[in-house]
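Down below is the structure, laid out as structure tokens.
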Amino acid sequence: MSWLPKSPKARRRLWVVAAVAPVLALAVGLSLYAMRDNVTFFFSPSEATAETAPTGRLIRLGGLVETGSVVRGAEGEVAFAITDNAATTRIVYHGDLPDLFREGQGIVAQGSFQPDRSFRATQVLAKHDENYMPREVADRLKAKGEWRPEGGAPAAGAPTT
């Protein structure tokens, strides 16, 4: 018992800490376990693989609506494709689209992948224009040649995809 403190007051504190620590660890562990289903991950189309975004898991998928991909079906169903200039994902949504939704506009869709790897969206959010983009993000886009000032064509000298 040489590792215990000699003072009775310090020994009592040690026992209190030894009793409280496992209870606190258990409470944190149970809280994290309960919240795991409420976490919604964000992916771009090139990041959303079968391993990272499995079928049936609730995720958010963001990108630009491809030009010419919007197809309005019967009973309010809309199908469209989004891209991040590296990959494309087909999205099916049933409901009213936001007013800002249009081709070439950035959107975030919340939903899950189906077994055929199409994305069934339960909510579609249209992003505002990129006037409020952080300077670091704008600088990276300019360096990659993907910066499109005023929502138009790529900047002069930028490669087109």
Practice task
Write out the GluC sites (Glu not before Pro) in segment 8-79 meeting two conditions: DSSP loop, and at most 13 other Cβ atoms within 10 Å of their Cβ.
Solution key: Glu51
Practice task
Provide the FRET efficiency to the nearest 0.05 for the Glu103-Lys142 pair, computing r from the beta carbons and using R0 = 25 Å.
Solution key: 0.60
Exercise for the section: Using a 1.4 angstrom probe on heavy atoms only, work out the carbon and sulfur share of the accessible area of segment 1-106 in %. Expected result: 60
Exercise for the section: Report the calculated FRET efficiency for Asp116 and Ala27 (r = Cβ-Cβ distance, R0 = 30 Å), to the nearest 0.05. Expected result: 0.10
Exercise for the section: Give the Cα extents of segment 1-92 along the principal axes, in whole Å, largest first. Expected result: 79, 31, 18
Practice task
Quick one: which residues, 5+ away or cross-chain, put their amide H under 5 Å from the amide H of Gln105? H built at 1.01 Å from N.
Solution key: Val65
Completion exercise
For Val16, the accessible surface traced by a 1.4 Å probe with all protein chains present amounts, in square angstrom to the nearest 10, to 80
Problem - In segment 1-106, the chymotrypsin sites (Phe, Trp or Tyr not before Pro) that fall in loop regions by DSSP, at most 11 other Cβ within 10 Å - result: Trp3
Problem - Exposure ranking of Val70, Val124 by accessible area [1.4 Å probe, largest first] - result: Val70, Val124
Handout entry: Mean-position separation - Cα centroids, segment 28-46 and segment 47-62, in angstrom
Key = 12
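The values are calculated or read from the model by the stated rules, or taken from the named source; none is laboratory data. Nothing here was measured: the structure is a model prediction, and the numbers come from that model. Positions of Cβ are backbone-derived with ideal geometry, glycine not excepted, and every protein chain shown enters the neighbour counts. The accessibility values were calculated without ligands, DNA or RNA, using every heavy atom of the protein model including side chains. Shrake-Rupley method; radii C 1.70, N 1.55, O 1.52, S 1.80 Å.
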